[in-house]
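The values are calculated or read from the model by the stated rules, or taken from the named source; none is laboratory data. Every value quoted in this text rests on a predicted model; they were computed, and no experiment measured them. With ideal geometry, Cβ positions are generated from the backbone for all residues, glycine too; neighbour counts draw on all protein chains shown.
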Amino acid sequence: VAESDAARAAALLDAGGLDPVTRRFRAGSAIGAGTTRTIAALWHPGLGSEALALRVAAMDRAFHDHGAHHSVVIPGAVEALAALAAEGYTDRVHLGHDAACFYDFMVGNPPFADERPDYLHISRNIVPQLLAAGVTQAQIDEMFVGNPRRFFAPAAAG
């Protein structure tokens, strides 16, 4: 997208919501909370609907093929989830392994050189920490399985 233009890459990252101090995307930003379509539309504003759909499909393929190498860990996630569980909010929390975690601007970009992402980060690292913090397996299952099942279930005919 930036075609090796550092200034253009910086502008795209800024427009996407990168905080230059923390090197993380701000909550609610196009990249931090948006969809592939949101990001594609931001970075390719002149595309018509058909071209945009093709760009989204290409980005989705790239995220799938390369994403696991560049996911971003969220500092404080374990503490926040444990606090929500302790307060009885696990019936409202949805956890998942899906993530947009590969962006071509990260490759060879010094601010992202230390990233060591993993699509299984939640299972390998977060779940054991949650269990150690006192979150029960039943609460974890509720957040990973029960809540998404309930959320995505078809509405009952009435």
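A few notes on this one:
- Selection of segment 19-62 for residues being of a type outside the set (Val, Ile, Thr) and within 12 Å of the chain's Cα centre (by Cα) yields 24, 25, 26, 27, 28, 29, 30, 32, 33, 34.
- Segment 32-50, residues that are modelled with pLDDT of 75 or more, outside any loop (DSSP other than H, G, I, E, B) and not acidic (Asp, Glu): 36, 37, 38, 39, 40, 41, 42, 43, 49
- Residue selected from segment 121-147 under the condition charged (D, E, K, R) and within 13 Å of residue 85 (Cβ to Cβ), by the criterion surrounded by the most Cβ atoms within 10 Å (Cβ to Cβ): 142
- Check on residue 98, more than 23 Å from residue 130 (Cβ to Cβ) and either of a type in the set (A, V, I, L, M, F, W, C) or modelled with pLDDT under 70 (or both): no
- Qualifying residue in segment 62-72 (condition: modelled with pLDDT of 75 or more, out of contact with any Leu (no Cβ under 6 Å at 6 or more places or on another chain) and not in a loop (DSSP other than H, G, I, E, B)): no
- Against the test of being without any contact (Cβ under 8 Å) to a residue 12 or more places away in the chain, part of a helix (DSSP H, G or I), over 17 Å from residue 60 (Cβ atoms) and hydrophobic (A, V, I, L, M, F, W, C), the options 7, 15 yield a single qualifying residue, 7.
- Residue 6 vs. criteria more than 30 Å from residue 128 (Cβ to Cβ), out of contact with any Cys (no Cβ under 9 Å at 6 or more places or on another chain) and at pLDDT 80 or above: yes
- All positions within segment 28-44 that are within 13 Å of residue 16 (Cβ to Cβ), surrounded by fewer than 16 Cβ atoms within 10 Å (Cβ to Cβ) and of a type outside the set (Val, Ile, Thr): 28, 33, 44
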